[in-house]
Each structure stands twice: as structure tokens, then as C-alpha cells.
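Just so you know, all these numbers are worked out from the coordinates, no wet-lab data involved. In this text, all values refer to a predicted model and were calculated from it rather than measured experimentally. Positions of Cβ are generated from backbone atoms using ideal geometry, with glycine treated the same way; all protein chains shown enter the neighbour counts.
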Amino acid sequence: MDAFTYRHGELLAEELALTDIAERFGTPTYVYSRSAIVEAFSEFQRAAAGRKVLVCYALKANSNLAVIDLLARQGAGFDIVSAGELQRVLAAGGDPGKTVFSGVGKSEAEMRMALQAGVRCFNVESESELHHLNRVAASLGKRAPVSLRVNPDVDAGTHPYISTGLRENKFGIAHEAALAAYRTAAALPNLQVVGIDCHIGSQITDTAPFLAALDKVLELVDTLHAEGIELHHLDLGGGLGIRYSDETPPSRAALLAAVFERLQRHPRGQQYELLFEFGRSIVGNAGVLLTRVEYLKENGGRHFAVIDAAMNDLMRPALYEAWHEVLPVRQPNAGASAGVDSGSTRAGGHGSQGSASPTAPTTSSASAAANTAQPIEAVYDIVGPVCESGDWLARGRTLALAEGDLLAIGSAGAYGMAMSSNYNTRPRAAEVIVDGAQAHLVRERESIESLFALERPLPR
Ligand code: LLP
């Protein structure tokens with residue numbers, strides 16, 4: 001969250017006040033920092049310098065064309081899971097030759113499109129998919145490059161909904177069935193075995209599960225080598241966690257160093273190109289969801305701040321009970337300290353919102369919704385306007401709030417906008433990328449008409 005800092009009590013994205021962004025583009029709006037995205041990716045690049053490594057950005061985390069373009073310019077590859085994501089890569093100028101196609105249910109049409117585009121590799125998840133792909137490739141007179149996604153049966157120690165490497169998950173090919181599947185792949189004329197792939201889950205905050213999965217992958221690589229099946233690359237998936245509150249995931253450099261160290265001890269560990277499929281760790285902390293407090297209310301002794309963003313904008317709390325930081329865009333004592341406090345403080349970190357002073361006055365700089373009411377300090381549930389009790393974005397947060405105040409929901413750059421919906425016929429939020437003191441609108445707020453433009457009444 002280093003891209004979002006307070007200066008004189010005002011929360012900035014890079015050099016730009018979030019209040020200015022709210023005035024210009026309205027709320028709710030996703031705000032991303034260009035330099036935070038580039039820096040996160042560059043950290044992987046620096047850690048991999050001098051090695052054969054391709055970091056494929058997992059588009060599903062945030063597939064805005066501007067984000068893809070930014071990463072393509074840094075030399076990123078891409079990890080896609082649908083024809084739609086492939087089209088986004090192509091539309092943004094990404095290189096299909098650096099794009100891997102993951103996913104457990106690729107359709108024939110998607111396979112055809114990916115073969116025609118010339119993707120780097122298909123990460124295949126079942127024997128049946130191998131036959132399917134072989135047929136499609138034959139019909140186009142091509143050979144499809146394949147990796148098998150093996151399921152190493154490693155516990156990623158993460159939320160059950162985002163854990164993918166356990167035996168009982170739907171993903172991948174069981175470790176013990178992998179050899180047979182590789183034999184099948186090697187025998188099919190329109191497939192070319194090029195690698196092995198595994199992805200064990202997301203928001204992993206420890207190096208150990210990655211290394212345990214790598215060990216299982218290397219075991220298979222040895223078995224395949226003994227069979228005469230040689231691989232060109234190892235794809236170790238994504239999954240590196242970020243800090244939402246007090247998690248302490250390994251740094252990008254530390255994770256890569258641990259992987260390199262393990263490969264150093266393998267007889268052929270240096271010969272393989274390494275692929276990764278990181279999503280969250282590239283964009284997660286590079287974005288916030290900017291939202292405004294519409295109403296404050298109290299029900300049965302519980303305080304609610306009803307904001308203009310909802311579960312349709314950011315689904316993670318409703319779906320995973322995920323914790324996101326809630327930052328006041330203007331600190332409650334900002335008026336008092338403006339001009340005195342000349343330093344910047346880093347936003348984020350557990351408990352930073354607890355420092356709100358209950359008595360200090362606040363002013364919202366929002367012109368239209370300006371509210372001069374005294375802020376009320378309370379322990380708030382931050383909820384949206386959607387008609388579901390599960391529609392909350394944060395719970396039990398001590399904040400001093402007035403109606404009209406702006407809030408920033410932290411670490412919302414990954415799986416925020418990408419998982420948003422139009423539930424309750426709510427137009428999806430705008431998206432803005434800040435570059436220094438400049439804001440670029442990279443997705444317009446949806447219009448209401450566009451939400452039902454494809455619908456037709458029945459004939460009379
Ligand atoms: N590769 C594969 C095959 C994946 O399934 C995923 C994520 C990734 C790469 C990227 O993982 P990352 O580096 O972003 O952790 N919606 C959930 C996360 C779902 C992740 C699904 N797969 C959330 O909001 O936490």
C-alpha cells in the first residue's frame with residue numbers, strides 16, 4: 001500500500017489526492033497506482049535477472065486493458081483462462097507467444113482461437129482434455145504445445161475457496177496419474193509436450209507450500225526424464241499472498257530465491273525455463289476502492305455506515321469473509337494538523353484507522369455531498385446498498401465518520417473489479433490509474449442503459 005500515503009491528513013494515490021479523484025470521476029471508483037503495478041512486476045524481474053524466467057501475469061486478478069498494456073510494456077507474459085482473456089491480451093498488445101492458457105474447462109472454440117493466436121502453452125488438466133486438444137489441433141494442421149497441470153496434493157494453508165492443490169480439488173491431474181497422462185500426451189501426434197505446471201492456491205503467505213509443490217513437481221520431472229520425456233519448462237503457478245492486514249508473506253525476491261536455491265540442488269534444475277502465473281502479488285496492493293459514506297445509522301446497538309460501494313463492486317468480503325483495510329480519505333484531525341504536519345505517512349498497516357480522534361471536526365471536501373456534521377466515532381459495519389445481509393465490505397471498524405465522507409477500501413487491486421457484477425442493476429465502478437499527479441480514466445463508469453441494452457421485451 002506504499003503508493004497510498006497520507007500528506008497533511010489527506011490520502012493520496014501517488015501525488016494525487018483521492019478527494020480530487022472523487023470529484024472528477026465520482027464514486028465508487030477503483031483507483032490504481034501505475035508505479036505500484038510496475039514496481040511489483042519489476043521486483044520479480046530483478047529477482048529473476050540472469051535466469052530463464054517468464055512471469056506471466058494472471059489476468060483474472062485485474063484484466064483492465066490498461067493494466068495488461070502496462071505489464072506487456074514491462075515484458076510480462078500472461079496467464080489466461082478464457083477466450084475473453086485471450087482477446088484482452090491481444091487487444092492490449094500483449095504477446096500470445098508469452099501467454100499460457102490455463103483452466104479446467106477450455107471449450108473447443110477457445111482451443112481453436114488460442115491455437116490460431118499462437119499461445120505459448122496449454123496447461124492441460126485431464127486426459128480427456130488432451131484428446132480434445134489433439135483433435136482440435138489436427139483439424140487446424142497444428143501441434144499444440146502442452147504442459148500438464150499436476151495436482152501435488154499440497155496444503156497451501158489458505159482459504160478453502162482459493163486452495164487448489166489438494167487431492168479433493170477439481171484442479172489438475174492427480175500426482176499418481178500424471179505419468180500415464182504424459183505418456184498419452186507424448187503419443188498423440190498433434191500435441192507437443194513442453195512443460196509441467198502446478199498451481200496450489202492463492203494468497204499463500206509462506207514459502208513452504210511452494211517448495212513442497214516444487215519437490216513433487218521435480219519428482220515427476222525425474223520420472224519423466226527416466227521415461228525419455230524431456231520438458232522445456234516448469235510452470236510453478238501463482239499464489240503469492242499480499243498484506244491485507246497483518247500477514248507477512250515472503251517478499252517476491254525471497255520466494256524466487258528459495259525456488260532457485262531448491263533448483264540448484266537438482267541435477268538438471270538449471271536447464272529448465274521457469275514460468276510463474278502471479279496475479280494478486282502484482283496488482284493487489286496497487287489499488288483501492290474509493291467510496292462515499294451515504295448514511296450513518298444505528299440498529300439494535302450496532303452502527304452501520306452505508307456506503308455507495310457494495311458487494312457487487314467488491315465481492316471478496318461477502319464471498320470469503322476477506323478483510324480489507326478501511327481508510328478515511330481525510331483523517332479526522334486533518335483540518336487541525338494541515339500545515340503543521342508536513343510529513344507523509346504510509347497508509348495501511350493494521351490498526352491505522354483506530355487512530356481517529358473522536359472529537360476532532362472533519363470536513364468532506366466533496367462539493368456536492370459536503371457535510372458539516374460532526375463525525376461520530378463508533379465501531380462500524382461498513383455496508384453497501386445491496387439487498388443482502390451479506391453485503392458488507394468491512395465489519396467492526398473503529399472510525400470517526402460523517403455522512404458524505406470518503407473512504408478508501410485497501411488492497412482492492414486484485415479480484416476487485418474483476419469479480420464485480422451488476423447485481424441490483426448497479427452499474428460497475430469507474431477505474432482510474434494514477435501516474436504521478438495525473439489521473440487516467442481507464443474504464444468509464446457503466447451507464448444504466450448499457451445494463452439492459454441487450455435485453456428485449458416479449459412480442460405483444
Ligand atoms: N494460475 C492459476 C491456474 C490460478 O487459478 C490462479 C488463481 C492464478 C494463477 C493467480 O493466482 P494469484 O497469484 O493471483 O494468487 N478470487 C479469489 C482468488 C482466486 C484465485 C483463483 N486462481 C480472491 O479474491 O481471493
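Looking at the chain, what % of its DSSP beta bridges pair antiparallel, to the nearest 5?
On the way: 40 of 78 bridges.
Taking every DSSP beta bridge with both residues in the chain, the antiparallel ones total about 50 percent.
Per residue and in Å³, how big is the convex hull formed by the alpha-carbon atoms of the range 377-460?
Values: hull volume 14.2 nm³, N = 84.
Spread over its residues, the Cα hull of the range 377-460 gives 169 Å³ apiece.
Which of the DSSP-defined H helices in the chain satisfy a minimum axial length of 24 Å, computed from C-alpha atoms, and a minimum mean Kyte-Doolittle hydropathy of 0.0? It would help to have the intermediate numbers written out before the result.
Numbers: long enough: 208-227 (29 Å, 0.70).
Span-like helices here: 208-227.
How large is the helix-only mean residue ellipticity at 222 nm for the chain, computed as the sum of -39500 (n - 2.57) over DSSP H runs with n ≥ 4, divided by its residue count, in deg cm²/dmol to the nearest 500? List each step's numbers first, then the result.
Numbers: 13 runs with 123 residues, N = 460.
That calculation yields -7500 deg cm²/dmol at 222 nm.
Between R7 and R456, how many nm apart are label points set 7 Å from Cα along the C-beta direction?
5.5 nm
Treat the range 176-291 as a sphere of radius equal to its Kirkwood radius over Cα pairs and apply Stokes-Einstein at 4 °C in a medium of 1.567 mPa s; give the translational diffusion coefficient in µm²/s, rounded to a whole number. Working shown, then result.
Numbers: Rh = 15.7 Å.
It comes out at roughly 83 µm²/s.
At 0.36 nm per residue, and after removing the present C-alpha to C-alpha distance, how many nm does the segment from D215 to L90 gain when stretched out fully?
Working: separation 125, 0.36 × 125 = 45.00 nm, distance 3.47 nm.
Roughly 41.5 nm would be gained on extension.
Expressed as a rounded percentage, what relative contact order does the chain have, with Cα pairs under 8 Å and six or more residues apart? The partial results should precede the final answer.
Values: 1053 pairs, mean separation 97.1, N = 460.
Reported relative contact order: 21 percent.
Using the Cα centre of the chain as the reference point, and only Cβ charges (+1 on K/R, -1 on D/E), how large is the resulting charge dipole? Debye, rounded to the nearest 20.
On the way: 41 positive and 53 negative charges, 179 e Å.
Charge dipole, the chain, about its Cα centre: 860 debye, nearest 20.
Scale the Cα Rg of the range 95-278 by the rule-of-thumb value 2.2 N^0.38 Å and send over the ratio, two decimals.
Details: Rg = 16.2 Å, N = 184, 2.2 N^0.38 = 16.0 Å.
Compactness ratio reported: 1.01.
Any chance you could count the Lys pairs in the chain whose alpha carbons are under 24 Å apart, treating pairs 8 or more apart or on different chains as valid?
Close lysine pairs under the 24 Å cut-off: 10.
Just to confirm my numbers, what's the Cα centroid distance between the range 279-298 and the range 215-277 in Å?
33 Å
I need the phi-derived Karplus couplings for the range 298-306: 6.51 cos²θ - 1.76 cosθ + 1.60, θ = phi - 60°, integer Hz, Gly and Pro marked x.
10, 10, x, x, 9, 9, 10, 10, 8
Note down the nm distance, to one decimal, between modelled labels 7 Å out along Cα→Cβ at I376 and at Q270.
Each label point is offset 7 Å from its Cα along the Cβ direction, giving 6.8 nm.
Of all beta bridges DSSP finds with both residues in the range 95-278, what is the antiparallel percent, to the nearest 5? The partial results should precede the final answer.
On the way: 1 of 21 bridges.
DSSP beta bridges in the range 95-278 are roughly 5 percent antiparallel.
Over the alpha carbons of the chain, what is the largest minus smallest coordinate on each principal axis, giving the biggest first in Å?
In descending order, the Cα extents are 74, 67, 42 Å.
With r as the distance between the Cβ atoms of S389 and S245 and R0 = 22 Å, compute the FRET efficiency 1/(1 + (r/R0)^6) and round to 0.05. Please list the in-between numbers first.
Numbers: r = 23 Å, r/R0 = 1.05.
Using R0 = 22 Å, I get an efficiency of 0.40.
Give the share of C-alpha pairs in each 5 angstrom bin for the range 2-109, from 0 to the last occupied bin, in whole percents, shortest bins first.
Over the range 2-109, the share of Cα pairs per 5 Å bin runs 2, 11, 19, 17, 16, 13, 11, 7, 3, 1, 0, 0 percent.
For A177 and R302, FRET efficiency with R0 = 45 Å and r from the beta-carbon atoms, rounded to 0.05?
Approximately 0.30, to the nearest 0.05.
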